[in-house]
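Peer 1: Before I ask anything, let me first share the structure, which is written out below as structure tokens.
Please treat every number below as a calculation from the coordinates, not as lab data. Since we're looking at a predicted model, the values are computed, not measured. Neighbour counts run over all protein chains shown; Cβ positions are idealised from the backbone, glycine included.
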Amino acid sequence: MITLLISSFLILGITQIYIDNKRNYIYQQNQSANLENSRFALLLLEKELYKAGYRQLAQDSRDFVFKSSSTDAACPTFSAGQIIRPTTNGLGVCFRYQRADVGERDCHGDLIANDDPITIRIERVGSDLNCYVNGRGQTMLSGLNQITFEYGVDLNANRQADTYLSASDAASANNIVAVRYASLHESESANVALNTTNYNYPLANATATTATDKKLYKSVQGTTTLRNIAP
């Protein structure tokens, strides 16, 4: 009887260790995925936005290179010389550039076919972050809970952002020189955290939000200056 009791306790102990280890593994996997997705989102946005407004020949005016265009139906029509605009739904950003050389690839990893300017749209669709090239889309990452874009406008013609506007306020702006973005990433598994967690979104928000579930959340933000914006 005593032997049976000891055996039962041993089995219970081993089972509990297995459950704890499995829970810890799932937690670590989801935490790692959140970190990787958040870093990739920042790298993608920074890398692509750095290209906005690039012209092969710097002496060519923006109006000459970037003509009036409506290549992507989800982007507002670009007027001549206009480089960057919020998407029509406010969930993403649209911008244009020329390839730097014949070996340059777009956000899909495809070679850019010619020297014609291409229109890039980076936008949240559901829980995915998609990148579109002239209207053709591809999912870059999943697990995106929210994303926000703000647009730095130059009020003094010195190529520096004097104030940041929301997507709706920047819809008609022609003097955007920087983009600030914040993204909130969530774990794939629904019951990972032991308790509900708090997060600040955007990071600059002093008031924390309490999650309504037991997912893990990761909030990140960044700012990219549009270095190719010049008269």
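Peer 1: Can you tell me, using C-alpha contacts under 8 Å and at least 6 residues apart, the relative contact order of the stretch 2-225 as a whole percent? Write down the numbers at each step before the final one.
Peer 2: Working: 443 pairs, mean separation 37.0, N = 224.
Dividing the mean separation by the residue count of the stretch 2-225 yields 17 percent.
Peer 1: Based on the Cβ-Cβ distance of residue 36 and residue 57, what FRET efficiency does E = 1/(1 + (r/R0)^6) give at R0 = 41 Å, to the nearest 0.05?
Peer 2: On the way: r = 38 Å, r/R0 = 0.94.
According to the calculation, E is roughly 0.60.
Peer 1: Something else now. Among residues other than residue 110 whose Cβ falls under 13 Å from its Cβ, what is the net charge (Lys/Arg +1, Asp/Glu -1)? Walk me through the intermediate numbers first.
Peer 2: Values: positive: 99, 105, 136; negative: 104, 106.
With Lys, Arg at +1 and Asp, Glu at -1, the neighbours total +1.
Peer 1: Still on this model: If you work out mean projected area of the Cα convex hull in nm² from the coordinates, which of [x] 12.0; [y] 16.4; [z] 13.9 do you get?
Peer 2: Computed from the coordinates, mean projected area of the Cα convex hull in nm² corresponds to [y].
Peer 1: Okay, next question. Farthest toward the dipole's positive end in the chain, which of 57, 146, 179, given Cβ charges of +1 (Lys, Arg) and -1 (Asp, Glu) about the Cα centre?
Peer 2: Value computed over the given set: 146.
Peer 1: Could you give the dipole magnitude of the stretch 85-231 about its Cα centre, charging the beta-carbon of Lys and Arg +1 and that of Asp and Glu -1, in debye to the nearest 20? Walk me through the numbers before you get to the answer.
Peer 2: On the way: 13 positive and 15 negative charges, 38 e Å.
For the stretch 85-231, the charge dipole is close to 180 debye.
Peer 1: With Cβ to Cβ distances under 11 Å as the rule, what net charge do the other residues near residue 136 carry (K, R +1; D, E -1)?
Peer 2: Details: positive: 121; negative: 72, 106, 110.
With Lys, Arg at +1 and Asp, Glu at -1, the neighbours total -2.
Peer 1: Applying a 10 Å radius around every beta-carbon, put 202-212, 71-81 in order of their mean neighbour count, most first. List each step's numbers first, then the result.
Peer 2: Numbers: 202-212: 11.1, 71-81: 16.8.
Most protected by this proxy first, the peptides run 71-81, 202-212.
Peer 1: R0 = 45 Å: FRET efficiency of residue 115 with residue 208, Cβ-based, nearest 0.05? Spell out each step's value before the answer.
Peer 2: Working: r = 49 Å, r/R0 = 1.08.
The formula returns an efficiency of 0.40 here.
Peer 1: Let a ≥ b ≥ c be the square roots of the eigenvalues of the Cα gyration tensor of the stretch 71-141; is it rounded (a/c under 1.5), or, if not, prolate (a/b larger than b/c) or oblate?
Peer 2: On the way: a/c = 2.54, a/b = 1.20, b/c = 2.12.
Note, shape of the stretch 71-141 comes out oblate.
Peer 1: Can I ask one more? At a Förster distance of 41 Å, what's the computed FRET efficiency of residue 79 paired with residue 28, Cβ-Cβ distance as r, to 0.05?
Peer 2: Details: r = 50 Å, r/R0 = 1.21.
It comes to 0.25.
Peer 1: What longest region of the chain stays clear of trypsin sites (Lys or Arg not before Pro) that DSSP places outside H, G, I, E and B and that have at most 15 other Cβ atoms within 10 Å?
Peer 2: Values: sites that count: 67, 159, 227.
My reading of the result: 68-158 is the longest stretch.
Peer 1: As a check on your grasp of the helix formula, calculate [θ] at 222 nm for the chain: sum -39500 (n - 2.57) over DSSP H runs of n ≥ 4, divide by the residue count, round to the nearest 500.
Peer 2: Details: 2 runs with 54 residues, N = 231.
Calculated mean residue ellipticity at 222 nm is -8500 deg cm²/dmol.
Peer 1: Here's a follow-up. What residue among 158, 200, 82 has its Cα farthest toward the positive end of the dipole of the chain, where the charges are +1 on Lys, Arg and -1 on Asp, Glu, each on the Cβ?
Peer 2: So the residue we want is 200.
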